[in-house]
Amino acid sequence: MIAMIDRLTERAKHALYYAHMDVRQYGGRGEFFSIFLVTGLVKANPELMNRLGFNEQVIQKLRATLPPENPIDLSRAVDGGSGVFVAFGETTTKVFADAAKEADSTGERRITSGHLLLGLYSDSPEIRSEFETLGVTEEIVRKAVAEEPRERMQNPEYNALTRRHTAHPGIGYDLHRLEAGRRLMIGGVHVPFDKGPVGHSDGDVLAHAICDALLGAAGMGDIGKHFPDTDPKWKGANSLIFLEHLCKLFDDEGLQIIHIDAVVITERPKLGPHFPAMREALAKALGIEVDQINLKAKTNEGVDAIGRGEAIAAHVVATITG
Ligand code: MG
């Protein structure tokens, strides 16, 4: 039974929780009967239950007419979520087993509130007869359940909590054409060369790719969204200000940079000697330590536009948490 409860969607668990609240209010000796599951389902999935005609009135009627179930032995009881152990009635036990079978029949691990409802329909003659009084056939129930929006195993709050303790990678890429007479800025550092990038800002491929990698990891879109190249504000801008802006944004969102790994591809000039200065400039702009940034250089072996010295590109993977 515990293993089965582990398969319940968040909504199905809510139904169980509400049912358990009812057990405590009406259950006398604490037995968990199928009527409580009906009330739990109405509270956890009112859209589905109301669509099928199950409202408070019907529940009151069922509460008055449903015969008590034989409670099964306590060794098969489960924790209803509040630390209190409850004994499941015979019918209710079957309902849960059949809900699991419904899920199995479609190859699903999740047991949804709809599966519990189908279990109730097939195992409780009283509830089935109530459905029939309402003109709701098994076919109608199955159709309604099939049309239900997908239920999730975990609730969003739990996901947010998990996310806070997980590392997230993001990928960034940038390329700029190189033209004679322009200033070559890479990683916030001026690299003496006879060519430089064509771009709206200073055309710093490395800073731009880092920006995109960080935004990607944070799920915040891309550089164009935050610093549109149609905005005159960014014309000729030192790209380190983009990183400084991201640093503030990350602080506001409680996000932390774990590591940045980058490769800059250009045929010339040699970048290695400039890496210490680049790492320092980037680390300062991002408010992180120098050893959190790894830089690598590649040539394109004379092949394609980069190989012919017509362009410079950068690939970055950033890892963040929070
Ligand atoms: Mg760019």
Working out 0.36 nm times the residue gap between residue 258 and residue 97, then minus their Cα-Cα distance, what length gain in nm do you get to one decimal?
53.4 nm
Once the Cα atoms of helix 10-26 and of the chain are each reduced to a long axis, what angle between those two axes, in degrees from 0 to 90 to the nearest 10, is obtained?
40 degrees
Could you check the simple spin-label distance between residue 43 and residue 268, using points 7 Å along Cα→Cβ, in nm with one decimal?
7.7 nm
Grab the Cα-Cα distance for residue 126 and residue 190, subtract it from 0.36 nm times how many residues apart they are, and report the gain in nm with one decimal.
15.0 nm
Size of electric dipole in region 167-321: Cβ of Lys, Arg +1 and of Asp, Glu -1, about Cα centre, debye, nearest 20
420 debye
Note down the nm distance, to one decimal, between modelled labels 7 Å out along Cα→Cβ at residue 108 and at residue 280.
6.0 nm
Run the numbers for residue 61 and residue 233: contour at 0.36 nm per residue of separation, minus the present Cα-Cα distance, in nm.
55.0 nm
Antiparallel DSSP bridges in the chain: what percent, to the nearest 5?
75 percent
So if we plug the beta-carbon distance of residue 142 and residue 168 into 1/(1 + (r/R0)^6) with R0 = 41 Å, what FRET efficiency do we get, rounded to 0.05?
0.55
From the helices alone, meaning DSSP H stretches of at least four residues, give me the mean residue ellipticity at 222 nm for the chain, per-run term -39500 (n - 2.57), in deg cm²/dmol to the nearest 500.
-13500 deg cm²/dmol
Using only alpha carbons, build the gyration tensor for the chain and give me the equivalent ellipsoid semi-axes, biggest first, whole Å.
64, 19, 16
Hey, if you put +1 on the Cβ of every Lys and Arg and -1 on every Asp and Glu Cβ in the chain, which of 255, 112, 273 ends up farthest toward the positive end of that dipole?
273
Sort out for me the Cα centre separation of region 233-257 from region 112-144, rounded to whole Å.
56 Å
Peptide ranges 107-118, 128-139, 273-284 listed from the most packed, as the mean C-beta count within 10 angstrom indicates
107-118, 273-284, 128-139
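All of the numbers you see were taken from the coordinates with simple rules; none came from a lab. Just so it is clear, the structure is predicted and the values come from calculations on it, not from any experiment. Positions of Cβ are backbone-derived with ideal geometry, glycine not excepted, and every protein chain shown enters the neighbour counts.
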